[in-house]
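I have placed the structure first, in the form of C-alpha cells, so that the comments after it can refer back to it.
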Amino acid sequence: MPNIASSRKRVRTTAKRTAINTARKSRVRGFIRKVEEAIASGNKEAALAALKAAEPEIMRGVSKGVLHKNTGSRKVSRLSKRVAKLSK
C-alpha cells in the first residue's frame, strides 16, 4: 500500500475505474451474446432487433475507451454479416 497521498488516491481511482470498465465490458458482451443466440435459433426478426440494440452499446463501449475503435467496428460488421446471412 502506498504512503504518498496522491498514490493512495490513484489506487482508489483505479479501483473505481476498473469496476466501471468491467461492468461496461460485461454489458457489451451480454448484448453480443443475445445477438448470437438469436442467430443460433435462426430467428431473423429477433436477431435484427438484438443487433439494433447491440450496435449502439458496442459503439458506446468504444467511445468510453473499453474497446478499441477497430474492434467495435469489426464486431458490428461480423454480427451484421451473420444476421444478413439468415435471410438467404
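Readers should treat all values here as calculations from the given coordinates under stated rules, not as data from a laboratory. Quick caveat: nothing in here was measured; it's all calculated off a predicted structure. Note: ideal-geometry Cβ built from the backbone for every residue, glycine included; neighbour counts use all protein chains shown.
Scan 5, 23 and give me the residue that is aliphatic (A, V, I, L, M) and more than 28 Å from residue 69 (Cβ to Cβ). It would help to see each step written out before you state the result.
Details: 23 fails: more than 28 Å from residue 69 (Cβ to Cβ).
Of the residues listed, the single one that is aliphatic (A, V, I, L, M) and more than 28 Å from residue 69 (Cβ to Cβ) is 5.
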Legend entry - Tally of residues being closer than 21 Å to residue 68 by Cα and not aliphatic (A, V, I, L, M) across the stretch 8-20: 4
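Which residue, of 30, 72, is of a type outside the set (A, V, I, L, M, F, W, C), crowded, with 17+ Cβ neighbours inside 10 Å, at negative phi and free of Cβ contacts under 8 Å to residues at least 24 places away in the same chain? Don't jump to the end; show me each part of the working.
Details: 30 fails: crowded, with 17+ Cβ neighbours inside 10 Å.
When all the criteria are applied, what remains is 72.
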